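Encoded as C-alpha cells, the structure appears first; notes follow it.
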Amino acid sequence: MKESVARLLERLGLEPIILSEQPDQGRTIIEKFEEESSVGYAVVLMSDQDDHGCEVESMELNPRARQNVILELGYFMGKLGRKGHVCVLKKGDIEKPSDILGIIYKDYKSNDDAWKYQLAKELKSSGYCINMNDI
C-alpha cells in the first residue's frame, strides 16, 4: 500500500516523504517525524493488516490502524487543517476513530485503480497541478 501510493505521487510529479526512508541522524522517532513533516498535504494510510484491538470488556478483536497512524492523522489535521490538506486511504473494514467519524475516507483496493483517481482529484482540488493522465 505504501509503495503503491508513493509511486502514484511520484508519477503525479510530487515528492512523497516516507519516514522510514529518511535518514535517522540520531533523532528520536518523534523528532524525526516533526522535522520531516513540513509538507503541504498528508496522505494517511489505514490498513486492516496493521493491528487488531477490542473495546474494554469485549473479547471481539477488530481490524484497526496502528495507533501511531492515528497520532499522525491527528498531528497533520492540527498542523495542516482538516479540510483540503489531509486524505485518508483505508484498506479493508477497519475500526474508525470515533472523534473523526465525519471525515471522508477513500477506499484503497490493490486490484482497483479508483483510489488513484480519488486521491489525484483531492490533490488537484487543494491547488496541486495534477495531470490525471499521469495516473
Original post:
Which lysines does residue 96 reach when only Cα atoms under 17 Å apart count, and residues fewer than 8 places away in its own chain are ignored?
Top reply: 106
Subject >> Ellipsoid equivalent to the chain - semi-axes via the Cα gyration tensor, in Å >> reply: 24, 20, 15
Subject >> Helical mean residue ellipticity (222 nm; -39500 (n - 2.57) per DSSP H run of 4+; nearest 500) of the chain >> reply: -9500 deg cm²/dmol
Original post:
How far, in nm, would the chain grow between residue 31 and residue 131 when pulled straight, counting 0.36 nm per residue and subtracting the alpha carbon separation?
Top reply: 32.6 nm
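Read-outs: derived from the displayed coordinates by stated rules, not from any lab. Here the structure is a predicted model, which is why all the values come from computation and not from measurement.
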